1. Tally time: how many residues in the stretch 132-152 are surrounded by 11 or more Cβ atoms within 10 Å (Cβ to Cβ) and either under 27 Å from residue 65 (Cα atoms) or not hydrophobic (A, V, I, L, M, F, W, C) (or both)?
2. Take the conditions of a type in the set (D, E, K, R) and either at pLDDT 80 or above or open to solvent by less than 50 Å² (accessible area, probe 1.4 Å) (or both) and apply them to residue 85. Does it pass?
3. Quick check on this structure: which one of 40, 66, 78, 2 is within 21 Å of the chain's Cα centre (by Cα) and within 26 Å of residue 163 (Cα to Cα)?
4. If you take the residues in the stretch 8-21 that are in contact with a Ser or Thr (Cβ under 7 Å, 6 or more places away or on another chain) and either acidic (Asp, Glu) or open to solvent by less than 40 Å² (accessible area, probe 1.4 Å) (or both), which one is nearest to residue 62 (Cα to Cα)?
5. Helices (runs of 4 or more DSSP H) wholly in the stretch 1-118 with at least 2 residues that are more than 30 Å from residue 149 (Cα to Cα) - which ones?
6. Is it fair to say residue 99 is among the aliphatic types (A, V, I, L, M), touching a residue at least 12 places away in the same chain (Cβ under 8 Å) and open to solvent by 50 Å² or more (accessible area, probe 1.4 Å)?
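The values are calculated or read from the model by the stated rules, or taken from the named source; none is laboratory data. The model shown is predicted, which means the values in this text are computed figures rather than measured ones. Because the Cβ atoms are built from the backbone with ideal geometry, glycine has one as well, and the counts that use them run over all protein chains shown. To get the accessible areas, we keep the full protein, side chains included, count just its heavy atoms, and leave off ligands, DNA and RNA. Shrake-Rupley method; radii C 1.70, N 1.55, O 1.52, S 1.80 Å.
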Amino acid sequence: VLTVGGALAGLFLFARYLLNPITEKILQTRSNELFFFMLLFLICAIAMGSYGLMGSITLGAFLAGLVFASSPVSKQALSDILPLRDMFLGLLFTSIGMLVDLRFFINELHLILLFVVVVFILKVGVVYGLARIQKYTRSVSLVAALMTFQVGEFSIVMMKEISKTSVFDQFE
C-alpha cells in the first residue's frame, strides 16, 4: 500500500510541477514529432510503472490519461493521439469479441439479458435521480438518463482487473 501510495503521490507531483515545464520546452521547439514522442514516451512510462508496481498496464494507461487530461496541453495531446484512438478501439473490441465464449453466452442468455435490464434500470434511475436533485426538469433528467445508460469501455478494464481476484470464482 505504501509503495502504490508513494507512486501515486509521485505521479501527482510530476503532473503538477514537472509536466508543464517539460511540455512548454518541447512546444518551444515547434516540433510536432518531438511532442508526440514525448507524449507517447510518458504514457508508456506511466503504464509500465503501473505494471511494475501494481501488475496492471491498463490501470497505468488510465492514470496516464488522467495526467494529460489535467494538463494545459490536453487539447494538443488529444489531437495528436486521436488518429491512434480509432485503431486501438478497433483492436480492443476485436480482441474482446474473440474472448467471448459463445456456448456460455447462449446457455446463459437469460441471465445476461436480466443483467443488462437490471444495469439499465439502475443506471437510468441513478442518473435521473441525480439530475432531479440538481433541479433539472423531468424531461431533461429523462433525456440525460437515457443518453448515459450505456456501459463504457472502462467497465471492460475494471472487469479485467476484477477477474484477477477471486471475486467471481463462484460463478465458474
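1. Here is the first cut: in the stretch 132-152, the ones surrounded by 11 or more Cβ atoms within 10 Å (Cβ to Cβ) are 132, 136, 140-146, 148-149, 151.
Restricting the remaining residues to those that are either under 27 Å from residue 65 (Cα atoms) or not hydrophobic (A, V, I, L, M, F, W, C) (or both) gives 132, 136, 141, 144-146, 148-149, 151.
Going through the stretch 132-152 one residue at a time, the tally reaches 9.
2. no
3. Among 40, 66, 78, 2, only 66 is within 21 Å of the chain's Cα centre (by Cα) and within 26 Å of residue 163 (Cα to Cα).
4. Among those residues, the one meeting the criterion is 15.
5. Hits in the stretch 1-118: 2-13, 19-28, 32-54.
6. no
This table checks each residue for (1) open to solvent by less than 100 Å² (accessible area, probe 1.4 Å); (2) within 30 Å of residue 165 (Cα to Cα); (3) touching a residue at least 24 places away in the same chain (Cβ under 8 Å); (4) β-branched (Val, Ile, Thr).
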site: 46; (1), (2), (3), (4): yes, yes, yes, yes
site: 59; (1), (2), (3), (4): yes, yes, yes, no
site: 104; (1), (2), (3), (4): no, yes, no, no
site: 116; (1), (2), (3), (4): yes, yes, no, yes
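Yes/no matrix, rows are residues, columns are (1) among the aromatic types (Phe, Trp, Tyr); (2) buried (at least 16 other Cβ atoms within 10 Å of the Cβ); (3) without any contact (Cβ under 8 Å) to a residue 24 or more places away in the chain:
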residue: 23; (1), (2), (3): no, yes, no
residue: 30; (1), (2), (3): no, no, yes
residue: 33; (1), (2), (3): no, no, yes
residue: 53; (1), (2), (3): no, no, no
residue: 56; (1), (2), (3): no, yes, no
residue: 63; (1), (2), (3): no, yes, no
residue: 69; (1), (2), (3): no, no, yes
